[in-house]
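Chemist: Sharing a structure here in structure tokens format.
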Amino acid sequence: MEGMTNIDINSLKNLGGEELLTALEKLAVSEKISDIHLNPQKDHLRIEWRQKGILEVLMTVPTETFITMQRRIKFQSKLKLNIETVAQDGQYTFPVEDRVVNVRVASIPTRFGEAFTLRFLDPVRGIVPLEQLGFPKEIESSLMDLSKLPNGMILVTGPTGSGKTTTLYALLSLLAGKDSNIITLEDPIEYELKNIIQSQVDPEHGYTFASGLRSILRHDPDIILVGEIRDYETAQTAVDAALTGHLVLATLHTNSSIEAIPRLLSMGVSPYTFAPALRGILAQRLVRTLTPECQASGTCDPSDPKSYGGQCSLPELLIADGAMRDLILTQATEHDLEEAARKNGFKSMRDWGEIFIEKKITTREEVERVTA
């Protein structure tokens with residue numbers, strides 16, 4: 001671990017619980033950490049963090065230290081201090097230089113106490129121009145063209161941590177302030193965007209994605225971002241909005257772009273409305289990129305974290321043309337959908353991965369890690 005950074009990890013172990021949490025918060029920002037996991041064991045706490053998509057053990061500390069950390073985390077994030085037998089969610093913020101970093105907190109009961117996941121949402125990292133996300137120029141150009149359409153549905157798919165929200169925010173940043181009323185519906189609002197109305201769902205008070213989307217439509221939006229499509233009502237309302245003059249951007253949890261089509265149809269969405277509404281589906285993963293030195297030498301060890309200098313998006317973009325819409329109407333198989341897409345120039349993430357490997361952007365091991 002010490003080889004990855006200039007941090008003296010051993011010195012952190014001597015800190016008290018509150019001091020250790022403060023130190024970890026600062027490290028999360030400086031080292032661009034997305035998540036920190038606090039996992040209680042029988043006689044100690046294991047602390048892990050996720051850096052560039054890789055989960056690593058950072059250190060272990062005594063249980064007594066964890067108890068103090070736990071108390072502060074729950075107090076700051078407004079979790080119920082006296083309850084440890086049910087999962088809880090909350091959030092808190094802390095200042096860093098000229099900005100405020102948001103921390104999403106999730107707890108879950110375990111055999112040895114509550115485990116916590118802290119997700120760090122740093123505005124400096126969250127709102128990134130589209131051209132800096134590492135998409136191939138072909139994909140970047142197509143995404144920009146899609147974002148300029150007056151109506152229709154654009155989906156971004158992938159697992160948690162694949163960069164979906166970052167991509168959508170990049171697209172919205174292109175459109176903000178250009179004579180368009182843009183409204184988002186998120187859970188939660190991860191980053192603040194200028195010149196955009198952002199709304200956060202609150203299921204405990206009846207404000208869900210479905211009900212929120214219906215409310216948004218009464219505010220004359222041009223562009224709508226739906227943080228996640230989880231159910232039939234949200235999906236069908238979003239599709240109907242895309243058919244009635246709105247540009248709808250939304251995320252969906254599927255492994256591939258093509259898989260998003262049968263997923264929505266299986267929710268009950270009408271193919272007769274979905275087919276004409278769909279404009280494109282982007283699936284993506286984040287892969288670590290080789291350092292310039294490794295690219296030049298071509299002899300770096302893929303198992304060595306020092307070989308990687310950053311991250312970029314590994315994509316696949318499905319453009320909905322006439323043939324694709326006809327197949328959606330007939331509820332064709334994924335095989336037939338992919339066959340038609342390839343005739344229109346579609347490349348899968350594996351295909352792009354081979355191109356990235358050939359250009360020494362990343363390694364085969366890294367492509368296989370995120371596409372297996």
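The values are calculated or read from the model by the stated rules, or taken from the named source; none is laboratory data. Since this is a predicted model, take the numbers as computed values, not measurements. No Cβ is skipped: glycine too gets one built from the backbone with ideal geometry, and neighbour counts run over all protein chains shown. Side chains included, ligands, DNA and RNA excluded: accessible areas come from the protein's heavy atoms. Shrake-Rupley method; radii C 1.70, N 1.55, O 1.52, S 1.80 Å.
Chemist: Round to a whole number: what % of the accessible area of the chain belongs to carbon and sulfur, probe 1.4 Å?
Modeler: 50
Chemist: Still on this structure, I have one more. Compute the angle between helix 63-76 and the longest alpha-carbon principal axis of the chain, please, reported from 0 to 90 degrees and rounded to the nearest 10.
Modeler: The angle comes out near 50 degrees.
Chemist: How large is the Kirkwood hydrodynamic radius of the chain, in angstrom, based on all distinct alpha carbon pairs?
Modeler: 22.3
Chemist: Calculate the radius of gyration of the Cα atoms of region 164-278 to one decimal place, then report Dmax, the largest Cα-Cα distance, as a whole number, both in Å.
Modeler: According to the Cα coordinates of region 164-278, Rg and Dmax are 13.5, 37 Å.
Chemist: Among the DSSP beta bridges whose two residues both lie in the chain, what percent are antiparallel, rounded to the nearest 5?
Modeler: 70
Chemist: Then there's this: Using only Cα atoms, tell me the angle between helix 334-343 and the longest principal axis of the chain; keep it within 0 to 90° and round to the nearest 10.
Modeler: 70
Chemist: ILE189: net charge of surrounding residues, Cβ under 12 Å, Lys/Arg +1, Asp/Glu -1, itself excluded?
Modeler: Residues close to ILE189 contribute a combined charge of -4.
Chemist: Tell me the relative contact order for region 109-231 as a rounded percent, counting alpha carbon contacts under 8 Å between residues six or more apart. Each step should come with its number before you reach the end.
Modeler: Values: 113 pairs, mean separation 29.2, N = 123.
It rounds to 24 percent for region 109-231.
Chemist: Next question. Checking the cross-link filter: which lysines have an alpha carbon closer than 26 Å to that of LYS347, excluding same-chain neighbours under 8 positions apart?
Modeler: List returned: LYS52, LYS137, LYS148, LYS164, LYS359, LYS360.
Chemist: Additional query: For the chain, list the cysteines whose Cβ sits under 4.7 Å from no other cysteine Cβ?
Modeler: CYS312
Chemist: Here's something else I'd like to know. Using DSSP to call loops (not H, G, I, E or B), can you name the trypsin sites (Lys or Arg not before Pro) in region 333-372 whose Cβ has at most 14 other Cβ atoms within 10 angstrom? Working shown, then result.
Modeler: Details: sites: ARG342, LYS343, LYS347, ARG350, LYS359, LYS360, ARG364, ARG369; in loops: LYS347, LYS359, LYS360.
Answer in residue order: LYS359.
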